Amino acid sequence: MKYFPTIGIECHVQLSTKTKLFSEVDNDARGKEPNSCVSPIDYALPGMLPRLNGEAIKFAVRAGKAMNCEINKSSRFDRKHYFYPDSPKGYQITQFYHPIIGAGFVELPSGEKVRIEHAHLEGDAGKLTHFGSYSLVDLNRVDTPLIEIVSMPDIHSAKAAHDYCKELWRLMRYAKVTHGDLYNGNMRFDVNVSLAPEDSDELGTRAEVKNLNSFRSVERAVEYEIKRQTKILEAGERVIQETRGWSDATGETTGQRSKEEAKDYRYMPEPDLPPVNLSAEFIDEQLADFPLMPADYREKFKGIIAEDTLEVLLDYPELMKKLGELPTDPTTIKLVSNLFASVLLAEEKSAEYLNDLPDKKQLSELAEMNEKKELSSTATKEVFLRLFDPQMKGKDTKAIAKELGVIQENDLGALEAIVDMVLAKPETKKAQDDFKNGEEKVIGFLVGQVMKESKGKANPSVAQQILREKLTK
């Protein structure tokens, strides 16, 4: 019997507000000492009341827009009860009954759409680090504002799960609601996998793989779960509904605990926070400067930038924004996008360079000089990298190329004189005779001599053309 996989994904996105969801404590604990970004509110000391961070509401609105979701004008918070060392309150403040973000969809690079059921605001839990016989808790992450995005079961392969998570990561970064640092857990994925017979109308029993923090891990975990559950079903046994952990080292999932249902959490309305009511004007204000999304750029540059190059560049909102600022001339877009993908991203300082890209005038001038053959491909790359020098800020690109001495000689008269000098040299006589006798490859040697005589400034294609004309007369 063949089994059909169905995958649903819950994604936790930490919002990059300056302070936490319910306290005025630094929200960015990356690289900081454990338990150094906490307050009495985070510790849940008696009498400490939460106060909602308005910036988190604004970020949630932008996140919803990025996923083509409805923004609910009325939402409220609830208490989700569970007892775990990383949750000092004994409950989590979340939105269960009335979330701020309603239904929507995420469009994958393939054009396929994954529906979003809803996304809700909540405070994150702390972090446990296990050391064999004991564990340590770090509460820096407690009540970091996050949205939990719940997909519909529209994904049916490990590759599609990978693509969905990556596209979601892009959307959240383009909307500027998260740092998107996967290593530090700014986005984490819980993946539900179930198998059912191909002709079945019902879904199978699901297993949830928790806290995946890379797209590759998502893909590998789904692949493993499909194989694991297939073996169980083929043996005539039943899949257990449970939470499982993933190990990148072993490439396997392992059982952790039975999967809780909503009733196990004893949800109740949060008594210390009022409902959130948003006006249409407030929502419009948050979306007034909303940027282009990946799907917009795919449409904008369709047929201009190669698909594989575009998918690489879409991981970098800064580069796509800069490309969007350039003239719509396809030649300019093609050249600059290739420089971004093959030259800039290969540089050790690429992350640093992304924060201070050359202006659109410099990049347009560079493309124009390349198009006019004033710069060779090597010289174009050299000038391009020079544009990132802080001293070159706003400087004319042609002036920079002149300083570097890389502008090609295109003057036919000047090039013809250099070619005549080369052909007059005794050491080129044999190559000239070989060419006249049909040995085409020696033309490369002669072009090299012209380049040497011109100190690398001759346009090699023009030099070759002049050489051929003179040698075939």
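Of everything in segment 131-140 that is surrounded by fewer than 21 Cβ atoms within 10 Å (Cβ to Cβ) and polar (S, T, N, Q), the residue that is farthest from the chain's Cα centre (by Cα) is Ser133. The residue list Ile57, Ile93 contains one member that is of a type in the set (Val, Ile, Thr) and over 28 Å from Lys166 (Cβ atoms), which is Ile93. Kindly establish whether Val383 is under 30 Å from Leu357 (Cβ atoms) and buried (at least 16 other Cβ atoms within 10 Å of the Cβ). Here the answer is yes, as Val383 does meet what is asked. Condition check for Asp190 on (1) surrounded by fewer than 20 Cβ atoms within 10 Å (Cβ to Cβ); (2) more than 30 Å from Lys2 (Cβ to Cβ); (3) among the acidic types (Asp, Glu): one failure, at (2). Where helices (runs of 4 or more DSSP H) sit wholly within segment 324-371, those with at least 1 residues that are over 22 Å from Pro294 (Cα atoms) and touching a residue at least 40 places away in the same chain (Cβ under 8 Å) occupy 360-371. For Ser247, the stated conditions hold: it is closer than 30 Å to Arg228 by Cα, among the polar types (S, T, N, Q) and within 26 Å of the chain's Cα centre (by Cα). Taking the criterion of being closer than 16 Å to Lys373 by Cβ, in contact with a strand residue (DSSP E or B) (Cβ under 8 Å, 6 or more places away or on another chain) and among the small types (Gly, Ala, Ser), would at least one residue in segment 413-426 satisfy it? No, every residue in segment 413-426 fails to be closer than 16 Å to Lys373 by Cβ, in contact with a strand residue (DSSP E or B) (Cβ under 8 Å, 6 or more places away or on another chain) and among the small types (Gly, Ala, Ser). Looking at segment 440-450, can you tell me whether even one residue there is surrounded by fewer than 15 Cβ atoms within 10 Å (Cβ to Cβ), on the phi > 0 side of the Ramachandran plot and either assigned by TED's automatic domain parsing to the domain that holds Lys381 or without any contact (Cβ under 8 Å) to a residue 12 or more places away in the chain (or both)? Taking every residue of segment 440-450 in turn, none turns out to be surrounded by fewer than 15 Cβ atoms within 10 Å (Cβ to Cβ), on the phi > 0 side of the Ramachandran plot and either assigned by TED's automatic domain parsing to the domain that holds Lys381 or without any contact (Cβ under 8 Å) to a residue 12 or more places away in the chain (or both).
Scanning segment 154-195 for residues being part of a helix (DSSP H, G or I) and over 12 Å from the mean Cα position of the chain (by Cα) gives a total of 5. For segment 52-62, state whether one or more residues are out of contact with any Ser or Thr (no Cβ under 7 Å at 6 or more places or on another chain) and more than 26 Å from Leu139 (Cβ to Cβ). So far as segment 52-62 goes, yes, one or more of its residues are out of contact with any Ser or Thr (no Cβ under 7 Å at 6 or more places or on another chain) and more than 26 Å from Leu139 (Cβ to Cβ). Any chance segment 265-277 includes a residue that's without any contact (Cβ under 8 Å) to a residue 40 or more places away in the chain, surrounded by 11 or more Cβ atoms within 10 Å (Cβ to Cβ) and either within 27 Å of Arg76 (Cα to Cα) or not acidic (Asp, Glu) (or both)? No, segment 265-277 contains no residue that is without any contact (Cβ under 8 Å) to a residue 40 or more places away in the chain, surrounded by 11 or more Cβ atoms within 10 Å (Cβ to Cβ) and either within 27 Å of Arg76 (Cα to Cα) or not acidic (Asp, Glu) (or both). The test for being surrounded by fewer than 13 Cβ atoms within 10 Å (Cβ to Cβ) and at pLDDT below 95 does not hold for Lys259. The residues of segment 412-422 that are surrounded by 11 or more Cβ atoms within 10 Å (Cβ to Cβ) and either out of contact with any helix residue (DSSP H, G or I) (no Cβ under 9 Å at 6 or more places or on another chain) or modelled with pLDDT of 80 or more (or both), listed by number, are Ala414, Ala417, Met421.
Of the residues making up segment 84-130, those that are under 27 Å from the mean Cα position of the chain (by Cα) and outside any strand (DSSP E or B) are Pro99, Ile100, Gly102, Ala103, Leu108, Pro109, Ser110, Gly111, Glu112, Asp124, Ala125, Gly126.
Can you confirm whether segment 28-39 contains a residue that is surrounded by 19 or more Cβ atoms within 10 Å (Cβ to Cβ), at negative phi and in contact with a Pro (Cβ under 7 Å, 6 or more places away or on another chain)?
no
The values are calculated or read from the model by the stated rules, or taken from the named source; none is laboratory data. All of these numbers come straight from a predicted model, not from anything done at the bench. Glycine gets a Cβ as well: all are built from the backbone with ideal geometry, and neighbour counts include every protein chain shown.
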